[in-house]
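The structure appears below as C-alpha cells.
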Amino acid sequence: MATPYPRPLHSLRPLWANLWAQHRAIKELLTFSTFRGERRKEPVAANDGGASGTAAASPDPKGPEATGPSGTPGPGYTPARVTGLILGPLLFVLTFLFFEPEGLSAGGRAVLAATLWIATWWITEAIPIPVTSLLPIVLFPLTGALEGDAVVSAYGNDIIFLFLGGFSLAIAMEKWNLHQRIALAIVAMIGTSPRRLVLGFMVAAGFLSMWVSNTAATMMMIPVGLAVVYQASRSLRDGEYADDLPKFEKSIVFGIGYAATIGGLGTLIGTPPLAILSATVGELFGGSISFAQWMMFGVPIAVLLLAFAWFYLTGVRFKVRFKHLPGGAEIIREERRSLGRMSTEEKAVLAVFLGVAFMWVTRSFIWEGVLPGISDGLIAVVATVVLFTLPTRRSEEKRILQWEDSKKIPWGILLLFGGGLAVAAGFVDTGLSAWIGDQLRVLDGVNIILTIIIATALVLFLTEITSNAATATMILPVIAAFAVSLDVHPYALMVPCAMVANCAFMLPVGTPPNAIMFGTGRLTIMEMVRTGFWLNIMALVLVVVGVLFALPLMWGIDLMTLPTGFQ
C-alpha cells in the first residue's frame, strides 16, 4: 500500500523542531538574544549538575520562536526575519551577477556573495543558525568558488574536535558534580568576609569558565551567591548596615557573571572567539596557536582584568561598610557537606581533567618531539574516548559518559565553527582576502597603534549586540587581510579583536552570564550599562597594552613586521 503524501511531511516535523532547538541552544550559549527581563522574576534556580548551560541541551522554549503550528517549535517569522530571509538571497544574486570590481576574481566574487547571504541569515536568524552554517557546502561548489572536498574539510578542522572534547569534559564534570565541588573549595579557601567572599566567587567562576562554558559556571555559582546574600539579609536587615545589603547583593551577582566572562579569556576552549582565532590562523596562514602558548598570554590578562573587576565592584562601585558576614561561612560549609564524600566517578573525571590539562599545557615543548602528529584536538578526542570508556560503580550509569549524554553537546555550535572556517578558506583560496586588504590600503597613513585601538574598540562595542562567535567568524578574516595590507603581523589586529569579542559587559544580550545576572531581578539595565562600561574600557586598555608589549615578548614575534609565512 502506497504511503500517503502527508506522512513524509509530518515525519519531518521532529527534525525541524530539533533544528530550532539547536538554534535556541546556540543563542542561549552565545548571546541569550531572546532573553527578556520578565523571563525570570525569581532568583535563578540551583543547577542540579545534570542539565546545565554548557551544552544548553534543554533551553527553555519561550518567546515568539518557541512554538509553531501543532505546538512544535517553530520559526516565529518576525518582520526582521522575513526581511533577512529575502535580503540574504537577494544580496547574493545582486553581488554574484552585477558586482564586478577590478582585481577581484570570479571565485572571490562568488565567496563574497555567499558570505553576504550567510552573514545576513546569521544576523537576522532567518532560519536556525546551524542550518545557515551549512550553506557554504552548497553555495561554494555550485558557484565554482571552491571544490566540495575543500569546503567540507573545514568542518573537520582540529579546533572543532578540540571544542568537542572540551564540551565532553565539561558535561562529565557537571554530570558528576565535580565542578561544584571545585568551586565551593575555592570559595572556602579564599575566605568569607564580604570582599573576600566576592573574590572567592569570582575566582571560582573564572577558573571554571576556563574549562566549562561561562553559562554553566554562572548558573552554578549564582544560586549559592544568592543564598549567602539571603542569609546575610536575615542577620543585617534591621541593623545599621541594612542599607549596604543591596550593594553587597549586586557585587555578588556582578562579580560572578563578570568573572565567568573574563575567565574564558584564559584558554582556547574558554570562549568561542579564541577557538575561532586559532582555527582562522591555521586556515589562512597555515600557522597554529598552541594551548600552552595561548595560556601564557591569556591567563595573565584574565587575572589582571579579574582583579580590576573585583576592586572596582567591591572597593568603588558597591563598597560596603560591614567587615563580617553573618552566616556566610556556614552556608559554604553546608553546601560542601551536602555534596558528601568525593565519589569514585568524580575522582575518575578529575583524573581525566588533570591529565588533559597537563597534556594541553605541555604539548608544544614535551610531546611534539615524542609523539609526531599530536595536536590539541587529538588530545581532546582521546579524553572523550576515555570518558565514554571508564566504568562506574552505579548500576544505572554503566560509564562515566553514555551516548545519551552526547545529546547535551551543542552540535550546532560545531557546525557554526565549521561554516566560519569554510568562509575563511574561501577568502584565502579565491584571493578575496587579498582584494579586501588592497581596498583597505587607504588607511596606510594612519598610525598603526591608533588603528589597533580603533579596530579593537569597534569589535568590543559591536559584540555587545551581536553573537561573539558570529562577530569573530565574520570579522577575523577581514582583520587578517587588513593587517597584511598594512604590512604588520596579523596577530597585532587579530588577537585583540578576538579577545574583546568576548568582553561584553554592558547589556543583557551581550553574553549568557550578563543575561543570567539580569534574570535574577537584582539588577537594572542602566546599572549594567554604568557598571559594565568601565569594565569594557579596562578590557580595551588591558588587551591592547598586553598585545603591544607582552605578546611580542611571550611569543617571540615582531608585531610591526609581516612574517614571510603570513604573506
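The values are calculated or read from the model by the stated rules, or taken from the named source; none is laboratory data. The shown structure was predicted, so the numbers you read here are calculated from the model rather than taken from an experiment. Reconstructed Cβ throughout: ideal geometry from the backbone, glycine too, with neighbour counts over all protein chains shown. For accessibility, only protein heavy atoms count, side chains too; no ligands or nucleic acids. Shrake-Rupley method; radii C 1.70, N 1.55, O 1.52, S 1.80 Å.
If you take every residue apart from THR430 with its C-beta less than 15 Å away from the C-beta of THR430, what net charge results, scoring Lys and Arg +1 and Asp and Glu -1?
Details: positive: ARG109; negative: GLU100, GLU147, GLU283, ASP429, ASP438.
Here the charged neighbours net out to -4.
Just to be sure I understand the curve: with the Debye formula and one point per C-alpha of the stretch 160-408, what is log10 I(q)/I(0) at q = 0.15, 0.17 Å⁻¹?
Scattering profile of the stretch 160-408, log10 relative to I(0): -1.04, -1.22.
Rank by packing, highest mean first: peptides 148-161, 99-112, with packing defined as the count of other Cβ atoms within 10 Å averaged across residues.
Numbers: 148-161: 18.3, 99-112: 16.6.
Packing order, densest peptide first, comes out as 148-161, 99-112.
Before I look further, what does the stretch 160-408 give for accessible area per residue, probe 1.4 Å, in whole square angstrom?
Values: 9720 Å² over 249 residues.
It amounts to 39 Å² per residue over the stretch 160-408.
Please report how far the C-alpha centroid of the stretch 241-281 lies from that of the stretch 468-544, rounded to the nearest whole angstrom.
Cα centroid of the stretch 241-281 versus Cα centroid of the stretch 468-544: 12 Å apart.
Return the subset of LYS250/LYS323; LYS347/LYS398; LYS175/LYS319; LYS347/LYS407 for which the Cα-Cα distance in this structure is over 27 Å, preserving the input order. Intermediate results must be reported in sequence, preceding the final value.
Details: LYS250/LYS323 17 Å; LYS347/LYS398 16 Å; LYS175/LYS319 37 Å; LYS347/LYS407 24 Å.
Over 27 Å Cα-Cα: LYS175/LYS319.
With the crude spin-label approximation of a point 7 Å out along Cα→Cβ, what separation in nm comes out for MET560 versus ASP149?
4.5
At a 10 angstrom cut-off on C-beta neighbours, averaged per residue, how do the peptides 133-145, 482-494 rank from highest to lowest?
Working: 133-145: 19.8, 482-494: 23.2.
Top to bottom by mean Cβ count within 10 Å: 482-494, 133-145.
Expressed as a rounded percentage, what relative contact order does the stretch 160-408 have, with Cα pairs under 8 Å and six or more residues apart?
28
Need the full-extension length gain, ARG399 to ILE86, defined as separation in residues times 0.36 nm minus the C-alpha distance. One decimal, nm.
On the way: separation 313, 0.36 × 313 = 112.68 nm, distance 4.77 nm.
Additional length available on full extension: 107.9 nm.
To the nearest 10 square angstrom, how much accessible area does PHE365 have with a 1.4 angstrom probe?
Solvent-accessible area, nearest 10 Å²: 140 Å².
Using a Förster distance of 60 Å, how high is the FRET efficiency between LEU142 and THR344, based on the Cβ-Cβ distance and rounded to 0.05? Mind dumping the intermediate values first?
Numbers: r = 53 Å, r/R0 = 0.89.
Calculated transfer efficiency: 0.65.
Just to be sure I understand the model, the point goes 7 Å from the Cα along the line to the Cβ. What's the resulting PHE388 to PHE358 distance in nm?
Distance between the two pseudo-spin positions: 2.5 nm.
Between PHE549 and MET526, what is the label-to-label distance in nm when each label sits 7 Å out along the Cα-to-Cβ direction?
Label at PHE549, label at MET526, 3.7 nm between them.
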